[in-house]
Amino acid sequence: MANSTYSNIDEYGFQRSDDFDYKLYDLFMSEYMRTLARRAQRWSVVYKDNNYKKNKTLKRFVRKGIPIDIRTNCWMEISGAEKVKNESVLSYQQLRHQYSNQIVESIQIDLPRTFPDNVFFANQQALCTMLYNVLAVFSHQNLDVGYCQGLNYIAGLLLLATKNETATFWLLKTLVEQILPKYYIKTMTGLLCDFEVLNEIVKKHEPLIHRHIHGIGMPWAMGTTKWFICLYADVLPTETVLRIWDCLFLEGSKLLIRVALALLKIHKDDILKSTDLSELMVVFKNMKNHPRVLDCHGFIFDVFGLSSKLTNNKIEKLRAKYQQGS
Amino acid sequence: MANRTGTAQRPNGQTQGKICQFKLVLLGESAVGKSSLVLRFVKGQFHEYQESTIGAAFLTQTICLDDTTVKFEIWDTAGQERYHSLAPMYYRGAQAAIVVYDITNQDTFGRAKTWVKELQRQASPTIVIALAGNKQDLANKRMVEYEEAQTYADENGLLFMETSAKTAMNVNDIFLAIAKKLPKNEQNTGQAGNAQGRRLTEGDTGPRAAGNCCK
């Protein structure tokens, strides 16, 4: 760290882990800064009117990363959250006055337990209040979901990225109610179903990995619950997560499966080398440290390069198959 | 073999003969201190605000017991009710469980009893279950009496201790007590190399519970 340009806290306030590779990160960032500047310039030309019409150009642009200063607005547009917001009978401010104190206890318990090491959450009471508001309003306006642990991390990172409570609420609502399968309802059926979908996809695309993980006896839920529930927040490096979310908002929940497959492929050698469950879990735990995962730009390239045949259609068909079976 | 207590090797450099590996699962209501107990036991640390666990966390810790090295493979599970359906994969095949409640919250004790019942019905019939009344440092806000929990533990054949992840009270002790109670026979011994073989032996994994109507 001593020789690095970068501190041990990232720009979103997260502590970098003790084993963070600053040298590698310096190297990556020296290149990535140029990429960011180039992308910002391109966006300012092509999308100077903030008109994000869904087409191939937009997809290409989003996959290459949304510039940080327009991210909030762009997320609102491409996810459909802006539409949800405009069509809602009640505004966020009105919704804020609608909730009782029913669910709040479990949210309050989790507030200080959401990114406790993050310097912004640790030092800004206002941010914790915003998180509380978003989660309380969301839980009360969707009683099928209520409060599910994991939503605190998603809302927390949305807040850190957007610095905007209202946008965070509408983005969270759109994610949970429109973009993602039924991960967070009380039975978590969408989550259980996606483990089956992932299993089938890994079996088809990476039979060696599938056989090995199956042989060791690791249920997918063991290694990947947090991947799906937190949309990789608190799993992968922050910038990598935000780049995944750029694409998730535009392209939908197939992204989560594609990212999972890419992660498995990147760690194929380590997975195949593991001889028991405990070694395999260490591989899963350390995935955030892989150079290719740290390099968010290269990683997104891998996500689309390594799993190009996984269309929404194909994944939806598999989901339908396993939902029927369950 | 790495050993944090530093006594795995005899002073004369000879390694100890017997190494046992056990799968241990922590269960209990959200925010009772499951992750904090594990963090205290494995790393000797305590965070006032411990991140809420999603899914489950996996950690290992090794302790020495007389002439045996005991390696715990610890599954620290999520407490929220809706993650309940994922719990069986963690306690299935587990040789030990710590069911945790918060002594300042009566509801969490009720939830702990539910977990004990479920383990008695669904887990391995030989599983060693310990009941931990955590947050003992907050005894002035106590809502669950020590005697009440002790009586319940006695009636159900559970190990019982009140613990504090914050002050470290009884944390190592409860794991040690479990280690003492676990059978250190052939089935559980062996170097890491043949752990896979062990894991695949019949009866070690999978539903073994007799009279389990769900299977």
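A short reminder: the numbers here are calculations on the coordinates, not readings from a lab. This is a predicted model, so every value here is computed, not measured. Positions of Cβ are generated from backbone atoms using ideal geometry, with glycine treated the same way; all protein chains shown enter the neighbour counts.
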For the protein assembly as shown, the dipole about the Cα centre with charges only on Cβ (Lys and Arg +1, Asp and Glu -1), to the nearest 20 debye, works out at 1940
Could you check the simple spin-label distance between A:Gln41 and A:Phe301, using points 7 Å along Cα→Cβ, in nm with one decimal? 1.9
Per the rule of 0.36 nm per residue minus the C-alpha distance, extending A:Tyr6 to A:Lys186 adds in nm 60.6 nm
For B:Leu65, other-chain or 5+-apart residues with amide H closer than 5 Å (H placed, Pro excluded) are B:Val70
In a GNM of chain A with a 10 Å cut-off on Cα contacts, which of A:Ala155, A:Ala81, A:Ala122 has the highest mean-square fluctuation? A:Ala122
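Using a cut-off of 13 Å between beta-carbons, work out the net charge of the residues near B:Thr167 (Lys and Arg +1, Asp and Glu -1, B:Thr167 not included).
Counting the neighbours of B:Thr167, the net charge comes to -1.
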What nm distance separates the two modelled labels at A:Gln93 and B:Lys113, each placed 7 Å from Cα along Cα→Cβ? 5.0
Would you mind checking the radius of gyration and Dmax of region A:161-291 based on alpha-carbon positions, in Å? 15.3, 48
Please tell me which of these pairs span more than 25 angstrom C-alpha to C-alpha: A:Lys173/B:Lys34; A:Lys173/A:Lys285; A:Lys54/A:Lys203; A:Lys56/A:Lys317? A:Lys173/B:Lys34; A:Lys173/A:Lys285; A:Lys54/A:Lys203
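Given the convex hull over the Cα atoms of region A:117-159, what projected area results after averaging over all orientations, in nm²?
Mean projected area of the Cα convex hull: 2.9 nm².
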Below 19 Å, Cα to Cα, which lysines can B:Lys18 reach? Residues fewer than 8 away in the same chain don't count. B:Lys71, B:Lys180, B:Lys181, B:Lys184
Given Cβ point charges of +1 (Lys, Arg) and -1 (Asp, Glu) and nothing else, what value in debye, to the nearest 20, does the dipole of region A:1-152 about its Cα centre take? 1100
So for region A:67-207, using the alpha carbon gyration tensor with a ≥ b ≥ c as root eigenvalues (a/c under 1.5 gives rounded; past that, a/b versus b/c decides prolate or oblate), I'd call it rounded
Can you pick out the pairs among A:Lys204/A:Lys321; A:Lys273/A:Lys314; A:Lys204/A:Lys265 whose Cα atoms lie more than 24 Å from each other? A:Lys273/A:Lys314
The distance between the Cα centres of region B:65-86 and region A:151-209, in whole Å, is 26
Charge dipole of the protein assembly as shown built from unit charges on the beta carbon (Lys, Arg +1; Asp, Glu -1), centred at mean Cα; most positive-end Cα among B:Leu37, B:Ser124, A:Met222 is A:Met222
Using modelled backbone amide H atoms (1.01 Å from N, in-plane), which distant-in-sequence or interchain residues come within less than 5 Å of B:Ile98's amide H? B:Val25, B:Leu26, B:Leu27, B:Ala130
Pair A:Ile70, A:Ser30: separation of 7 Å Cα→Cβ label points (nm): 3.0
Which of B:Met143, A:Met76 comes first, and how do the rest follow, when ranked by fewest Cβ neighbours within 10 Å? B:Met143, A:Met76
As a percent rounded to 5, the proportion of antiparallel DSSP bridges among beta bridges in the protein assembly as shown is 35
